[in-house]
Amino acid sequence: MAYEIELENRGSKEASDVKVFAYFSYGIEPTAAHGAAHRISPGQVVFDTIPAVGAGEKIVLTIRARADEPGTHVFRAEVQSATLGAPLVEQETTHFYGEASASASKPENESEPTPASPGSGPLRTAGRNNHPTRASAPSTKGRIEAP
């Protein structure tokens, strides 16, 4: 599965010291990330601080993850900046049905996620800075925009 974070500064001033975090619920683990330097650990990806995002600039960060077990999984992206008063948060749920059958054309571990209902599936927070858990409308691509 691939998750994409579109970070777009729609404001008239530069956003400074931008930090991007991605969190995954139990049963899904990040395997790779692209778009900025990062660190991957169980259940999360922490991107290195982006010194500045100029007015009108857009940065796309992509994270690949693998579901280890069928079920509803939660992905949460959080953006913090020295110029924002509060973190920007986007969250989505996807339902993974399990491995594709031998006759399917998709490679193993590449089954498509299916949006699930809001509120289904807890976000893993133990040892993850205790971020609150909430479900929101499902989607396959999240956009976080700075004012």
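What the table below lists for this structure:
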read-out	value
Pair list, Cβ < 8 Å and 6+ apart or interchain, from the stretch 59-87 residues that are on the phi > 0 side of the Ramachandran plot and in a strand (DSSP E or B) to residues that are modelled with pLDDT under 95 and not β-branched (Val, Ile, Thr)	Gly71/Gly27; Gly71/His95; Gly71/Phe96; Gly71/Gly121
Residues of the stretch 1-49 classified as within 24 Å of Phe96 (Cα to Cα), of a type in the set (S, T, N, Q) and buried (at least 22 other Cβ atoms within 10 Å of the Cβ), total	0
Some residue of the stretch 106-114 being part of a strand (DSSP E or B), at pLDDT 90 or above and touching a strand residue (DSSP E or B) at 6+ places or on another chain (Cβ under 6 Å)	no
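Residue-wise test of (1) under 17 Å from the mean Cα position of the chain (by Cα); (2) at pLDDT below 95; (3) exposed (fewer than 14 other Cβ atoms within 10 Å of the Cβ).
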{"residue": "Ile63", "(1), (2), (3)": "yes, no, no"}
{"residue": "Pro70", "(1), (2), (3)": "no, yes, yes"}
{"residue": "Glu78", "(1), (2), (3)": "yes, no, no"}
{"residue": "Ala100", "(1), (2), (3)": "no, yes, no"}
{"residue": "Asn130", "(1), (2), (3)": "yes, yes, yes"}
{"residue": "Arg134", "(1), (2), (3)": "yes, yes, yes"}
{"residue": "Pro138", "(1), (2), (3)": "yes, yes, no"}
{"residue": "Pro147", "(1), (2), (3)": "no, yes, yes"}
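The values are calculated or read from the model by the stated rules, or taken from the named source; none is laboratory data. Bear in mind the structure is a predicted one, so any value in this text is a computation, not a measurement. Cβ sites come from the backbone with ideal geometry, for glycine too, and all protein chains shown count toward neighbours.
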